[in-house]
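I have placed the structure first, in the form of structure tokens, so that the comments after it can refer back to it.
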Amino acid sequence: MRPLDSQEKITVNNPLHITLAGNPNSGKTTLFNHLTGARQHVGNYPGVTVDKKEGFFTFNTNSIRIIDLPGTYSLTAYSVEELVARDYLVNEKPDMVIDIVDASNLERNLYLTTQFLELGIPLVIALNMVDVAEKRGIKIHTQKLAKLLGVPVVPIIARSGQGVDELFTTVLTASGERDHPPTLLRYGPDIDEALREIIPRIENSHLLTDTYPARWTGLKILENDEQILDKAQAADSEVTRTLVQRSETLTHHLQTTVDAFPEAVIADHRYGFIKSILRQEVVTRTFDNNRLYTSDKIDKIVTNRIIGPLIMAAILFTLYSFTFNFSTFLVDWLASLFALLSQTVDSILPDGPIKSMIISGVIDGVGGVLGFVPIIMFMFFGIAVLEDSGYLARVAFMMDRIFHFFGLHGSSVMPFIVSGGIAGGCAVPGVMATRTLRSPKERMATLLTVPFMNCGAKLPVLTLIIGAFFSSHQARYMFLATVAAWIVALMAAKFLRMTVLKGESTPFVMELPPYRFPTLKGLFIHTWERTWQYIKKAGTVILGISILLWAMMTYPGLPHQEAAVFDQMRQETTSSQSADIQDELAKINGLEAEAKLRNSLAGRIGIALEPVSHYAGFDWRTNIALVGGFAAKEVIVSTLGTAYSLGDIDSQNTTSLKDRLARDPHWNPVVGLSVLAFIMFYAPCFVTIVAIANEAGSWKWAFFSMGFNTVFALILSVAIYQAGILLGLA
Amino acid sequence: MTKNHPDITCQCLNGTDSNCNRLKVECPTDARPLTERCGCGKVKVCKISGDRKSCARMANLGVLPGTEMELLCPARRRGQGRRHGKGHRCMVKVNGGTLSLDQLTADNIFVTPM
């Protein structure tokens with residue numbers, strides 16, 4: 001079994017189309033990775049595989065196209081994942097569906113299996129984690145289970161690949177069989193009677209019969225499935241009306257007799273069906289069924305009200321230390337690499353706009369962003385460990401009470417941490433991490449507030465300003481900045497949930513996966529996939545915008561007359577007998593850079609903004625830097641360097657700029673604090689904006705984020721500056 | 001019954017198993033919402049209230065009247081008033097899996113101690 005290269009993928013005609021389906025955390029993605037070697041996320045966080053994942057491989061000369069469906073507990077229409085899975089199975093009609101069933105949690109997992117059987121799709125069951133089940137004293141008689149369910153069952157261990165060859169041998173054999181009639185379960189006399197009445201009506205009117213089995217459509221109508229009802233309504237409104245009437249009669253009857261809705265009765269009978277199968281010597285247990293497993297025992301400690309938060313704080317601190325301590329040498333190495341690249345280009349190319357664009361636009365812009373790759377990589381590795389081990393779900397459990405108060409969910413904690421909740425993250429993957437949230441309003445509130453966190457790009461700017469004005473308490477101010485980011489983000493979330501995202505909290509049920517040792521392969525794939533997303537952004541969108549911003553800060557150049565004045569000053573200095581001729585020339589070059597910047601489009605914007613920004617204490621130079629910060633926050637440092645006539649400033653080495661700001665008459669601790677607040681909370685960088693637009697599915701929210709954050713940051717900065725003036729601190 | 005499994009003698013399938021009628025479970029007077037249960041231990045679900053979607057979601061997860069579950073991490077501790085559990089999630093073990101339920105959901109699950 002081996003993955004196919006891209007050429008083979010093109011040449012292979014009609015590969016066997018196989019789909020992996022199953023509950024979240026049942027091991028689908030682990031099996032998918034084992035089969036394809038694809039760069040695919042493997043996690044323990046419930047519902048992490050939201051998108052469809054595809055891979056190709058060969059097995060015994062058969063080429064196979066495999067799809068990894070999102071993990072679902074059922075085939076209802078209550079979540080996006082369920083709809084995606086159901087639509088794919090019905091519309092794409094795979095040759096075979098491999099239902100991954102967690103052997104250690106058979107009853108829950110077989111619930112989805114019963115729905116596959118009802119739908120009549122070609123099915124093979126992969127009984128995964130049989131080793132874990134055996135350790136728990138659970139022995140499953142697969143032959144008996146296969147016989148009772150009427151589909152092949154193959155025991156496997158996806159982590160090690162044990163049994164996978166047998167699984168695919170079975171899949172290939174079973175895929176030759178073309179007849180897969182739906183299984184007809186009984187749902188009690190009331191529902192069965194209703195089904196008997198409505199199925200002929202569906203068949204006679206051919207209502208959705210080209211897509212779904214008539215009995216399945218009938219069942220979904222009784223279950224009040226919104227998607228199927230809409231489709232049926234669109235196909236034949238008159239027939240649908242009579243079916244809905246029958247469904248309402250049944251609902252009323254069940255409500256008055258058993259105080260339950262039809263879907264609850266149907267679910268009860270499905271579980272009854274599963275229980276009746278398992279009772280027939282399919283499962284034998286060595287230990288007491290009610291014993292607590294190691295995972296439950298760990299939970300009793302790590303989710304304890306007192307010890308739990310302490311353990312969580314220790315683990316998160318370890319993650320933070322790991323990320324920053326171990327990534328430093330790579331960050332330094334990358335910085336040296338880009339510096340070397342700049343020097344090489346500088347020495348090879350003649351002076352002119354092309355050279356300026358390559359160095360200032362391409363290398364500095366992309367290099368500045370790629371410089372954070374090691375930090376991002378180490379952080380994602382740490383988060384992958386927490387996620388794959390199952391601990392992150394417990395963090396969400398513990399944080400839920402606090403987040404709930406602010407109109408969010410416990411699951412929001414991961415996007416916040418990734419975005420810089422522990423200073424140094426990045427809002428782009430943070431925004432993407434909101435996909436794990438299932439409720440739309442809480443997700444949107446998280447999406448819009450994670451950019452308030454102190455991402456890695458803000459750190460050099462914070463270090464610069466804190467170092468310039470609050471150097472005696474640098475660590476304390478950095479800590480306060482992190483705390484302030486959390487407070488503002490949570491308060492903003494509360495505000496959004498009370499205004500534009502108003503509404504009741506969505507009920508949120510989450511399955512906590514058992515604790516597992518993560519596989520190294522899974523961790524690496526997980527880490528690389530997210531890091532690669534970040535690198536891709538740097539190579540595409542960031543490159544384009546960096547060049548655009550370079551152009552804005554370069555053109556139009558100085559008028560000839562002004563440029564001539566600087567040339568003359570240089571000539572005079574060179575011809576003079578002054579001892580510090582180099583310092584004089586550097587000073588002139590700095591003044592020229594400042595004049596160029598002032599005359600550029602960005603400079604003009606900065607000057608135009610001054611009438612408003614002066615209320616917050618920002619002059620035109622600061623304004624240009626803040627406009628540049630829209631490209632990436634670390635650009636603020638280099639732009640301030642240019643604006644203050646210091647030539648090119650390395651964001652990692654800001655001593656000269658720090659001293660210059662500390663001495664500048666326009667700057668003082670109050671202005672420093674005001675600028676600090678503005679930088680922390682104003683519009684996210686454009687890459688984050690693009691990510692927000694993608695995740696929210698609309699540019700409306702991306703523009704809202706820019707406007708809301710900037711207005712909020714400006715109000716805060718004006719308040720700080722004006723209060724400082726009133727108190728005589730400025 | 002289909003030809004897929006002609007030898008299944010599932011009582012549920014022919015509607016004679018009393019378990020199949022467990023939705024009729026009567027709620028005794030000591031039944032309380034899950035959020036009000038203090039301390040860990042086994043409980044039995046006797047009623048699920050709330051809107052139709054929430055009921056269906058819980059049913060899909062196997063939380064139905066008659067289901068036995070183990071409260072691993074209650075919303076409030078013994079000796080604490082109702083307000084202490086406010087906003088807390090609780091953790092239950094049901095059908096072999098561990099579920100984290102928010103207060104809104106847990107408030108709608110009425111249980112009796114076992």
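Assorted remarks:
- Annotation: the residues A:Asp131, A:Asp225, A:Asp179, sorted from fewest to most other C-beta atoms within 10 Å of their own C-beta, follow the order A:Asp179, A:Asp131, A:Asp225.
- Note on A:Asp87, A:Asp259, A:Asp364: ascending count of other Cβ atoms within 10 Å places them as A:Asp87, A:Asp259, A:Asp364, the fewest first.
- Inter-chain Cβ neighbour count for A:114-121, averaged per residue, equals 1 (cutoff 10 Å, partner chain atoms only).
- On Cα atoms only, tilt of A:164-175 relative to the major axis of chain A in degrees: 60
- Coupling constants for the stretch A:298-314 follow from the phi torsions by the Karplus curve (6.51 cos²θ - 1.76 cosθ + 1.60, θ = phi - 60°), and in residue order they are 4, 4, 4, 8, 6, 9, 4, 4, 9, 6, x, x, 5, 4, 4, 4, 5 Hz; glycine and proline get x.
- Counted residue by residue at 0.36 nm each, then reduced by the alpha carbon distance between them, the extension gain from A:Thr284 to A:Val80 reaches 69.8 nm.
- The alpha-carbon of A:Lys587 sits under 29 angstrom from the alpha-carbons of these lysines, leaving out residues fewer than 8 places away in its chain: A:Lys355, A:Lys458, A:Lys596, A:Lys633, A:Lys658.
- The mean number of Cβ atoms from other chains found within 10 Å of a Cβ in peptide B:48-59 is 6, as a whole number.
- Inter-part distance, the stretch A:382-413 to the stretch A:121-188, computed on C-alpha centroids, equals 33 Å.
- Nearest-0.05 FRET efficiency for A:Gln343 and A:Asn304, computed from C-beta distance (R0 60 Å): 0.60
- Those lysines that a straight Cα-Cα span of less than 18 Å connects to B:Lys93, excepting residues fewer than 8 apart in one chain: A:Lys275, A:Lys297, A:Lys300, B:Lys42, B:Lys44, B:Lys47
- When +1 charges are put on Lys and Arg Cβ atoms and -1 charges on Asp and Glu Cβ atoms, the dipole computed for chain A relative to its Cα centre reaches about 1200 debye.
- Cα lying deepest toward the dipole's positive end in the protein assembly as shown, options A:Val395, A:Ala484, A:Met552, charges on Cβ: A:Val395
- Anchor B:Lys53: lysines whose Cα lies under 18 Å away (excluding residues fewer than 8 positions away in-chain): A:Lys220, A:Lys441
- Across chain A, the relative contact order, built from alpha-carbon pairs under 8 Å that are at least six residues apart, equals 11 percent.
- Per residue of A:506-518, other chain Cβ atoms within 10 Å of the residue Cβ number 5 on average.
- Of all DSSP-defined beta bridges confined to the protein assembly as shown, some 65% are antiparallel rather than parallel.
- Spin-label pair A:Glu166/A:Ala579, simplified geometry with 7 Å Cα→Cβ offset, distance in nm: 8.9
- Evaluated on the protein assembly as shown, the Kirkwood hydrodynamic radius is 30.0 Å, with distances taken between all distinct Cα atoms.
- Available extension along the chain between A:Gln568 and A:Asn14 is 192.1 nm, counting 0.36 nm per residue and deducting the alpha carbon span.
- Across the stretch A:132-148, coupling constants 3J(HN,Hα) worked out from phi with the 6.51/-1.76/1.60 Karplus curve, θ = phi - 60°, read 5, 4, 4, 4, 8, x, 9, 10, 10, 8, 5, 4, 5, 4, 4, 5, 6 Hz, and Gly and Pro carry x.
- Counting only DSSP beta bridges whose two residues both lie in the stretch A:44-178, roughly 45 percent are antiparallel.
- Distant-in-sequence amide H partners of A:Gln162 (H built 1.01 Å from N, under 5 Å): A:Ile157
- Each of A:Arg305, B:Arg37, A:Arg401 has some number of other Cβ atoms within 10 Å of its Cβ, and from fewest to most they run A:Arg305, A:Arg401, B:Arg37.
- Cα-based helix-to-principal-axis angle, A:373-389 vs chain A, degrees rounded to 10: 30
- Subtracting the Cα-Cα distance of A:Thr328 and A:Ala475 from their residue separation scaled by 0.36 nm leaves 51.1 nm.
- Tilt relative to chain A, helix A:474-498 - C-alpha long axis, 0 to 90 degrees, to 10: 50
Quick note: the coordinates plus some simple rules give every number you see, no bench work behind them. Predicted model only: the values in this text are computed from it and were never measured. Note that we place each Cβ from the backbone using ideal geometry, even for glycine, and neighbour counts take in every protein chain shown.
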